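Read the structure below first, then the notes.
The values are calculated or read from the model by the stated rules, or taken from the named source; none is laboratory data. Just so we're clear, the structure is a prediction, and the values are computed from it rather than from any experiment. Neighbour counts run over all protein chains shown; Cβ positions are idealised from the backbone, glycine included.
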Amino acid sequence: MNIRAALLIVCVYLSFCQFVLAQADLQTDNALAVVKARLNLTDKQTQQLRPLLEKRLQTLRKLRSPAGGGESLWRELRDSRQNFENGLRRILNADQLQLVPELHADLENEALARLREQQINEISRRLKLTKDQASQTRPVLDQDFDQKVTLVRNYRKDQSKGSASFSKALEIINEDTEAQLDRILDEKQLSEFREFTGQSKGSLPWLWGAVPTMDDRGGSGDVDTGSKAKPKRGEFVIAPIPVINPTLGNGLALGAGYLYHLDKDADVRSPPSMTGIGAFRTSNGSRGGVIAQKFVLKQNKYRLLLVGGRANIHYNFFGIGADAGDLGISIPIEVTGKGFLIDASMRVFGRHWFAGVRYYVMRSTVNVDRTNVTSGPGLFPGRPQIPQIDLELRTAGLGPTLEYDSRSDSFYPRGGSQFRLQTSFHGRAVAGRRVYETYQAFYNKYYSIGPRQVLAAHVSGCYTTGSVPFYDLCMLGMSKDLRGYEVGQYIDRVMIASQAEYRLELKKRLGAVAFFGAGEVARRWSNLRTDALKPGGGVGLRFRLTKENHINLRVDYAWGIGSRGLYLGVSEAF
């Protein structure tokens, strides 16, 4: 190599270094601007903070590469965080220091987001994925990343469970991921995937040494195994919730719940058990209360749901059939009832299939709601009439259920799918007074299309036969099926519905959604027509109520044909 060529190489190298340093300076400037605005820093504080922030970002940038991973990187991240916090205590005042945990979370979550993209892009490059394969593997890899990050966080916070529990949970995640990828990749690509993630050597993927422990507030990641602190096993949810609903009117609901794991070694895939109680009252006189208990046992092998409640519901009865709903002529009715439900299931094969039995019994009384009537004599001639046989009734139903559930999270899924089929056979043999059958099914699919973006799709169907009470017919307008129409305006023996929703996570626990769907009811399957579909769509905002579990307060505004409504609720529509 001659001197000229050597000088050229040196110049190129120096130019590259200048570019890298310029990019790092730009990232520091941007981060410093965010921190200054977030903490309301003075110019002097900003100047003092810059070298501290540069060192912190320099360490976090190491998450982009597996080089230097393992426990050494973990210790470096922990020490970097401690040094950063000590420096902040010298610079910031007491009010500013209260915002530091949230600042930590932003910086570290941004680093994790970069790590996710870098890892998935590297997998796509090494495996030489086609465009179709890349789109199919993305939600699988997103789900795998989220589960492993959660597993590491939990293990770092509580190492008393031992490495055996950690390895078992990791093995389950790896098996599930590989089973999903097996349907997408060929054997050569699968082998390359195992080699890249370290599974072929029986070791952990390089991700594990790079993820610090942190809760949603950016809590410290101390790994001192001599700590006597007990791990946090549960989380309370208490929320007064305004009720704004086109069917029930405006009012207030109060809900309280406790989410927890009953198994000592509950893995990251196991949803929590829950104990909850709630009550509501609205402006049109509707009121009610409910108590619920959900058990998830033996690493999600067994599920048991118990619900009991009593309610007095005021809403409009439009008659039965799509034509009656289109007329928009109704009478106000009052339904008073109390009931009990039990739903038990167990995992039957694989990790995702559950089979079980569901039983419920309800006693109800139906009256014309004269308190909400402004005109009309007697029982309103020319308006829909309630079948006399439905005015006072006890119904009970028993039937099998079948469910497939591979969702990454039961409250805010970012990947996977859910299918459920439930049937109910009603009659005197199960303590009811009417003989009829109901069949309901739905399918939900979730796609992660970015670190903070999810596309969710829902399709459902309903069929009833026999002497069905009007309130047990298929009903269009439930939030999970279609928003934008008053519940009860469209009821009949058959229903189909579907909707899709785009979900975006914003800063400060906020989120936004946009959704659109369509559905219809008919007396028979053969009566369904595409030109009779009722479209509905809208937008909404989200506020995250809990820190451990991603449970949102939901506010949606939806439009239908000649109809619109504002909805408030807890958790996602589907």
**OP:** Return yes when Gly432 is crowded, with 17+ Cβ neighbours inside 10 Å and either on the phi > 0 side of the Ramachandran plot or outside the structural domain of Tyr502 (by TED's automatic domain parsing) (or both) and no when it is not.
**Re:** no
**OP:** Of all residues in segment 287-320, count the ones that are modelled with pLDDT of 90 or more and of a type outside the set (A, V, I, L, M, F, W, C).
**Re:** 11
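Here is a list: Asp343, Asp326. Which entry is at pLDDT below 90 and not polar (S, T, N, Q)?
The unique qualifying residue is Asp326.
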**OP:** Confirm whether Ser364 is in contact with a Phe, Trp or Tyr (Cβ under 6 Å, 6 or more places away or on another chain), farther than 24 Å from Ile238 by Cα, not in a loop (DSSP other than H, G, I, E, B) and not hydrophobic (A, V, I, L, M, F, W, C).
**Re:** no
Original post:
Out of all the residues in segment 379-400, is one or more on the phi > 0 side of the Ramachandran plot and at pLDDT below 95?
Top reply: yes
Original post:
In segment 291-308, what residues are surrounded by fewer than 18 Cβ atoms within 10 Å (Cβ to Cβ) and part of a strand (DSSP E or B)?
Top reply: Ile291, Ala292, Gln293, Phe295, Leu297, Tyr302, Leu304, Leu305, Leu306, Val307, Gly308
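Looking at the structure I just gave you, is Met475 among the hydrophobic types (A, V, I, L, M, F, W, C) and surrounded by fewer than 21 Cβ atoms within 10 Å (Cβ to Cβ)?
Values: among the hydrophobic types (A, V, I, L, M, F, W, C): yes; surrounded by fewer than 21 Cβ atoms within 10 Å (Cβ to Cβ): yes.
Yes, satisfied.
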Subject >> Output for segment 427-459, where each listed residue is without any contact (Cβ under 8 Å) to a residue 40 or more places away in the chain, in contact with a Gly (Cβ under 7 Å, 6 or more places away or on another chain) and not acidic (Asp, Glu) >> reply: Val435, Tyr436, Ala441
Subject >> Of residues in segment 313-335 being surrounded by 16 or more Cβ atoms within 10 Å (Cβ to Cβ) and free of Cβ contacts under 8 Å to residues at least 60 places away in the same chain, the one farthest from Ser273 (Cα to Cα) >> reply: Ile331
Original post:
For segment 442-501, how many residues meet the condition of being out of contact with any strand residue (DSSP E or B) (no Cβ under 8 Å at 6 or more places or on another chain) and outside any strand (DSSP E or B)?
Top reply: 2
Original post:
Here are some conditions: (1) more than 31 Å from the chain's Cα centre (by Cα); (2) within 30 Å of Glu187 (Cα to Cα); (3) modelled with pLDDT of 75 or more. Gly69 meets all but one. Which one does it not meet?
Top reply: (3)
Subject >> Subset tally (residues that are surrounded by fewer than 21 Cβ atoms within 10 Å (Cβ to Cβ) and either among the acidic types (Asp, Glu) or in a helix (DSSP H, G or I) (or both)) for segment 516-566 >> reply: 7
